[in-house]
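Reading through the C-alpha cells given below for one structure.
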Amino acid sequence: MGSKEETGGAGEASLDGLPSALVATVMTKLDIASICSLASTSSALRACARHILSFLPSFNLLDTAPSGDLLRPLLPPNPYLTTLKLDCSRLDDSAIAFLLKPSLHDLSLHNCADFSGRLLSEIGTRCKDLRSLYLGSVAEKRGRAIHISDLEELLSGCSHLEELILMFDVSLFLRHNFARVWASASEKLASLEIGYISSVTVTELLSPNLGSHLPSNPVQPSILPSIQKLCLNVDYITDAMIGTISKGLIFLTHLDLQDAPLIEPRVTFDLTNAGLQQINQLGRLKHLSLVRSQEFLITYFRRVNDQALLLMADKCANMESICLGGFCRVTDTGFKTILHSCTRLYKLKVTHGTHLTDLVFHDISATSLTLTHVSLRRCNLLTNHAVLSLASNKELKILDLRDCRSLGDEALQAIGTLPRLKILLLDGSDITDAGLLYLRPSVISSLYALSLRGCKRLTDKCITALFNGCCVLELRELDLSNLPNLSDNGVLLLAKSRIPFFELRMRQCPLVGDTAVMALASMLIDEAKHGSSLRLLDLYNCGGITALAFRWLKKPYFPRLKWLGVTGNVNRDMVDALARSRPFLHVACHGEELGADPYDTSDGLYTHDYDDVDEFEQWLLEADIDSDFEEMGDAENNDEMVV
C-alpha cells in the first residue's frame, strides 16, 4: 500500500510540475470523452480539464447520453464554443439554459424526444449566428408538442443558417401556416433535410407564387431560392411534387427523396414517366436518389418504365451519384442507358431491381466509368457474371450485394481482386467457407466492414478461412447473424484472432451461447490489457444464451460497450439489472437493429485508449462528482475560469 501511494504521489507531483499551459494545449487536442477520462486520473489533470472546458471551440458527445445534472458542469460559460453535438436522450427543456450558447455556429441535438417545441423557439432567440442545425426526434414523447410559432421563431431568428436538418415529423404543423412561416427562412439556406413531410405540403411550400394574390408569374423566385441540397422523406413521391421542386429550386445539385406508402398510390399520388422527365431540366443535378420504401407495404413505382429513363438520360451527363429503389418496370435497357450516359458516375445504387440482370454490366469495362460505390441490394436476377464484370472497377471501395441470392464462390473470386475495398456486404448469398479464402490476403487486409448475414452454408470454418494467419487487419465491423451452423467454437476462434472489433453482430445464431460471451469478454487486446474492444454486440435470439452470460456482460468486462442486443424474455430481471448497473449502455431486447446505420463510418474511428474500465463513465458516476460540480458552479458564479 505504501509503495502504491508513493508512486501515485510522485505521478501527481510530476504532473503538477508541468506548465499548465502545456497540459492544456495537449488536452485541447482530445475529444470530450478522452478529456473526462484523463480528468479522473489525477487532481492536476482534473483542474486542467475544468479550465479548458471554458474555452474549447468544439464539444462532441454523441456516443454517450448524459443526464442534465452530469452535463451542466461540462458546459460552463464559454464564449469560444462554436460546435456542440449531443445525444439528448436523457435531457428535456430544463437543459435549454446551459445548452444554447450565442457563440454557436454548428448545433446537433439528437434524440430530443423529451423536449417540447420551446427548443426551436429558444434556438431562434439565443443562437442567432447558427450556420448548421440538426434536430432529431423533437417532442416525440407523449405530452410534448411543437407549435408553428416555435418553428417561425427558429427560422426568423437564425438568419445566417446554411444547413437545416429536422429529423422528425413536421406534418404535425398545420399546412397553410407551415408554408407561410418559411418565408422568413435564411436566404443563405443551401441544404434542407426533413424526417417526414407530406408531398402536398412540399408542393405548397415550394410553390413560386405562395401567398401571392397577383396573377401567376413563372419567373418569380422560390421561397427557398438558394437551396442546393434537398433530402425529404414523404408519404408519396408524386409528379406534382417533382415538378414543383424542378421549377422552383433552380440551383439544386443534390435531390434525395424517399417515400413509404401506406396504401397502393393512385395515379395522382404517384410518380409516372411524365414526372421523372421533369427532373434535372437545367442539368445541374449531380446526386439523385429516388427510393420507394417497403416499410409498410410491398409496393413499387409501377408507372415508370424504360422510356422515362431513356429520356432522362439526355440530361444526366453531369450526374455523379444515382440511387433508384423500387423501379420494378425498368429493365436492363433503362439501367444500361443511365450507365452509359453518366460518364462521371462514381456511385450507383439500385434496390429491388426486379428486372436488372447481368447484361447491364456486360460491357462496363469498355466505358470510362470509375465506380467506387456500388449497391445492388435485392436484385435477385444477378449472378456471378455481373460481379465478374463489376470487378473491372479496381477503385471499388463499397460493394453491397445483400440479398442477391444467386451469388456464390465465383463472385468471391472476382471480389478478391479489389485491393481498395472497404465495405463488403454479402447477406443471403450462396457462398461457402472455401470461397471466403479468395478474400485473402489482399481484400481482407483492406476491409473495414464485412457482413455475411444469412449466408446459411457458412460454418465455424469460415472464421479460419478469413482470419487464420492474418496479421494486422483494419476490419472493425463484422456481421455473422443468422448463420445456423456458427457455434461457440467459431466465436472462440474469432476471439483468438484478437482482432479489435468495434461492432459484432451474431443475432439469431442458435448454436451461439454462454461460452461465446465468455470468450469475447476475455479477449486479450494489444498484448497489455484484458477486455473486449467492442462497443456494439448483438446477441438477440442466440439459442445458447442463459443467465450465466449476463454475469460476463457486467463490468469490468466489455468496458467500452455502448450497444447490446439480447433476448429480453430469457431473464427479464437479469436484463433490467444489467441496464441499471450500466446506465450508459443501450440494452435492446425486442429485436430492433442496433445503431442508426450499421454501415455508416462517416463519424470516423474511436481514438480513446481505455484501461480495464471506461474511465469516462467512471468519472461521470464516481461518488465525489457532486462536490466537483459544486466547485465548478462556484467558479461560474464568480466569473472565474479556474477550478
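When the residues of segment 40-60 are filtered to those that are hydroxyl-bearing (Ser, Thr, Tyr) and within 14 Å of Leu30 (Cβ to Cβ), which remaining residue is modelled with the highest pLDDT? Talk me through it step by step, then tell me what you get.
If we filter segment 40-60 for residues that are hydroxyl-bearing (Ser, Thr, Tyr), which is where we start, we get 40-43, 54, 58.
Applying the additional criterion that residues be within 14 Å of Leu30 (Cβ to Cβ) yields 40-41, 58.
Values: Ser40: 75, Thr41: 76, Ser58: 94.
In this case the residue turns out to be Ser58.
Being in a loop (DSSP other than H, G, I, E, B) and among the small types (Gly, Ala, Ser) is the filter; apply it to segment 106-135 and report the residue that is least open to solvent (accessible area, probe 1.4 Å). Walk me through how you get there before you give the answer.
Restricting attention to segment 106-135, the residues satisfying the condition of being in a loop (DSSP other than H, G, I, E, B) are 111-117, 127-131.
Remaining after also requiring among the small types (Gly, Ala, Ser): 113, 116-117.
Details: Ala113: 33, Ser116: 23, Gly117: 1 Å².
Across segment 106-135, the extreme among qualifying residues is Gly117.
Working carefully through the options Lys286, Lys315, find the one that is touching a residue at least 12 places away in the same chain (Cβ under 8 Å) and within 30 Å of the chain's Cα centre (by Cα). Walk me through how you get there before you give the answer.
On the way: Lys315 fails: within 30 Å of the chain's Cα centre (by Cα).
From the options Lys286, Lys315, the qualifying one is Lys286.
Listed here are the residues, each with its yes/no results for (1) under 18 Å from Glu122 (Cβ atoms); (2) within 22 Å of the chain's Cα centre (by Cα); (3) open to solvent by less than 20 Å² (accessible area, probe 1.4 Å).
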position: Ser137; (1), (2), (3): yes, yes, no
position: Arg142; (1), (2), (3): no, no, no
position: Gly157; (1), (2), (3): yes, no, yes
position: Glu162; (1), (2), (3): no, yes, no
position: Ala179; (1), (2), (3): no, no, yes
position: Ala183; (1), (2), (3): no, no, no
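When you scan segment 233-243, how many residues do you find that are of a type in the set (A, V, I, L, M) and open to solvent by 10 Å² or more (accessible area, probe 1.4 Å)? So that I can check it myself, show each step before the final result.
Here is the first cut: in segment 233-243, the ones of a type in the set (A, V, I, L, M) are 234, 237, 240-242.
Retained after the next criterion (residues that are open to solvent by 10 Å² or more (accessible area, probe 1.4 Å)): 240.
Counting residues in segment 233-243 that are of a type in the set (A, V, I, L, M) and open to solvent by 10 Å² or more (accessible area, probe 1.4 Å) gives 1.
May I ask you to list the residues in segment 88-99 that are surrounded by fewer than 20 Cβ atoms within 10 Å (Cβ to Cβ), modelled with pLDDT of 95 or more and not hydroxyl-bearing (Ser, Thr, Tyr)? Give the steps one after another, and end with the answer.
Initial filter on segment 88-99 (surrounded by fewer than 20 Cβ atoms within 10 Å (Cβ to Cβ)): 89-90, 92-94, 96-98.
Those left that are additionally modelled with pLDDT of 95 or more: 92-94, 96-98.
Asp92, Asp93, Ile96, Ala97, Phe98 - these are the residues of segment 88-99 that are surrounded by fewer than 20 Cβ atoms within 10 Å (Cβ to Cβ), modelled with pLDDT of 95 or more and not hydroxyl-bearing (Ser, Thr, Tyr).
Yes or no: Gly353 crowded, with 23+ Cβ neighbours inside 10 Å and either part of a helix (DSSP H, G or I) or among the hydrophobic types (A, V, I, L, M, F, W, C) (or both)? Walk me through it before giving the result.
Numbers: crowded, with 23+ Cβ neighbours inside 10 Å: yes; either part of a helix (DSSP H, G or I) or among the hydrophobic types (A, V, I, L, M, F, W, C) (or both): no.
Spelling it out, it is not the case that Gly353 is crowded, with 23+ Cβ neighbours inside 10 Å and either part of a helix (DSSP H, G or I) or among the hydrophobic types (A, V, I, L, M, F, W, C) (or both).
For the subset of segment 477-511 comprising residues that are of a type in the set (A, V, I, L, M), modelled with pLDDT of 95 or more and under 25 Å from the mean Cα position of the chain (by Cα), which member is nearest to Ser532 (Cα to Cα)?
Checking each candidate, the answer is Leu504.
Give the number of residues within segment 244-276 that are of a type in the set (Asp, Glu), open to solvent by 10 Å² or more (accessible area, probe 1.4 Å) and not in a strand (DSSP E or B).
Taking segment 244-276 and keeping what is of a type in the set (Asp, Glu), we get 256, 259, 264, 270.
Those left that are additionally open to solvent by 10 Å² or more (accessible area, probe 1.4 Å): 256, 264.
Checking which are not in a strand (DSSP E or B) leaves us with 264.
Result for segment 244-276: 1.
For residues that are outside any helix (DSSP H, G or I) and open to solvent by less than 50 Å² (accessible area, probe 1.4 Å), scanning just segment 29-48, find the one that is nearest to Pro559 (Cα to Cα).
Our first condition is that a residue be outside any helix (DSSP H, G or I); within segment 29-48, this holds for 29-31, 40-42.
From the residues that got through so far, the ones that are open to solvent by less than 50 Å² (accessible area, probe 1.4 Å) too are 40, 42.
Numbers: Ser40: 16, Ser42: 21 Å.
If we take residues in segment 29-48 being outside any helix (DSSP H, G or I) and open to solvent by less than 50 Å² (accessible area, probe 1.4 Å), then Ser40 is nearest to Pro559 (Cα to Cα).
Whether any residue in segment 597-611 is touching a helix residue (DSSP H, G or I) at 6+ places or on another chain (Cβ under 7 Å), at pLDDT 85 or above and either of a type in the set (A, V, I, L, M, F, W, C) or open to solvent by less than 40 Å² (accessible area, probe 1.4 Å) (or both) is what I want to check.
No, segment 597-611 contains no residue that is touching a helix residue (DSSP H, G or I) at 6+ places or on another chain (Cβ under 7 Å), at pLDDT 85 or above and either of a type in the set (A, V, I, L, M, F, W, C) or open to solvent by less than 40 Å² (accessible area, probe 1.4 Å) (or both).
The values are calculated or read from the model by the stated rules, or taken from the named source; none is laboratory data. Not measured: the values here are computed from a predicted model. When we count neighbours, we look across all protein chains shown, and the Cβ atoms used for this are built from the backbone with ideal geometry, even at glycine. Side chains included, ligands, DNA and RNA excluded: accessible areas come from the protein's heavy atoms. Shrake-Rupley method; radii C 1.70, N 1.55, O 1.52, S 1.80 Å.
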